[in-house]
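The values are calculated or read from the model by the stated rules, or taken from the named source; none is laboratory data. These numbers were taken from a predicted model, which means no experiment stands behind them. Cβ atoms come from the backbone with ideal geometry, glycine included; neighbour counts cover every protein chain shown.
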Amino acid sequence: MSRIEVTFEKLKKDNRKALIPYVTAGFPYADITPALMHGMVAAGANVIELGVPFSDPSADGPVIQKAGDRALSLGIGLKQVLAMVRTFRDKDATTPVVLMGYANPIERYDQKHGADAFIKDAAAAGVDGVLVVDYPPEECVEFAQKLKANHIDLIFLLAPTSTEQRMKEVAQVASGYVYYVSLKGVTGSGALNTAEVESMLPRIRQHVHVPVGVGFGIRDADTAKTIGRIADAVVIGTRLIQLIEDQPHERVAAVAADFLRGIRTALDA
């Protein structure tokens, strides 16, 4: 079993929901990420989604785009992101880490370092999952198999517009968990319609037999608690990025942890 599977199994046994914070690697400071990750775990995070900075994101709203641009300006690329995961693993061998991003950095990495170098190096660094926004499931069968052979899960997005056929296609290759995008838009946009989410999750679960996390609109403890009643995991990114973006270096991890403690308490209530 992958670290992600083990984590969700334990949470299910304990009747708890996963808290999955998203942060952009190398933001707001190039060297902050491992300490920030440890702080989030101490505050109750169960899985960490680490955004790989990319110049042309299609799913990210202005807040996360800005974070990515800042990280890129600090020289953060996929090589540096993998180094951050390795550093994190020096002190934490159990918390799953998922890289979230786009095809271009992965394919460029393989061009520079050799075929399947990304998979090999990600596994060696301690990556547990990969979510590639612009890799459709029908084109990912071989990629998913290679990842699985290295104990890495391939995670997919589903959206309010996803058809039954798309859910079936995702179910054939997805592992770890599926990330349901609760809004018709980019990260951080619009208001979350919890009734719509509640009606959609049973449809997804008819086809997808891995845990379902919900994100793209959860900004506070009340919303997280509501979503936690129906989903297996709650994903929070944009609000977290907003809270840390202007913090001095020594306050970043503490501010993120304070926020996540409130979310964890709400989920466990």
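Considering the stretch 210-226, and only residues there that are under 22 Å from L131 (Cβ atoms) and among the β-branched types (V, I, T), the residue that is surrounded by the most Cβ atoms within 10 Å (Cβ to Cβ) turns out to be V214. Residues that are touching a helix residue (DSSP H, G or I) at 6+ places or on another chain (Cβ under 6 Å), over 27 Å from R3 (Cα atoms) and hydrophobic (A, V, I, L, M, F, W, C) within the stretch 23-80 comprise V63, A67, listed in sequence order.
If I ask for residues that are surrounded by fewer than 24 Cβ atoms within 10 Å (Cβ to Cβ) and of a type in the set (S, T, Y), which ones from the stretch 23-69 would you list? If the condition is that a residue be surrounded by fewer than 24 Cβ atoms within 10 Å (Cβ to Cβ) and of a type in the set (S, T, Y), then Y29, S55, S58 are the ones that fit.
Of all residues being among the basic types (K, R) and in contact with a Leu (Cβ under 9 Å, 6 or more places away or on another chain) in the stretch 1-40, which is nearest to K79 (Cα to Cα)? Just the residue, please. Reasoning before the result, please.
We begin by selecting, within the stretch 1-40, every residue among the basic types (K, R); these are 3, 10, 12-13, 16-17.
Of the ones still in play, those that are also in contact with a Leu (Cβ under 9 Å, 6 or more places away or on another chain) are 16-17.
On the way: R16: 34, K17: 32 Å.
Here the residue is K17.
In the set P160, P96, P105, which member is modelled with pLDDT under 95, closer than 22 Å to Y22 by Cα and not aromatic (F, W, Y)? Only one candidate qualifies: P160.
Can you pull out every residue in the stretch 162-180 that is in a loop (DSSP other than H, G, I, E, B) and within 21 Å of A103 (Cβ to Cβ)? Before you say what the answer is, go through the steps one by one.
So in the stretch 162-180, the residues in a loop (DSSP other than H, G, I, E, B) come out as 162-163, 174-177.
Passing the criteria: S162, A174, S175, G176, Y177.
The set of residues in the stretch 166-213 that are of a type in the set (V, I, T) and at pLDDT 95 or above comprises V170, V173, V178, I204, V208, V210, V212.
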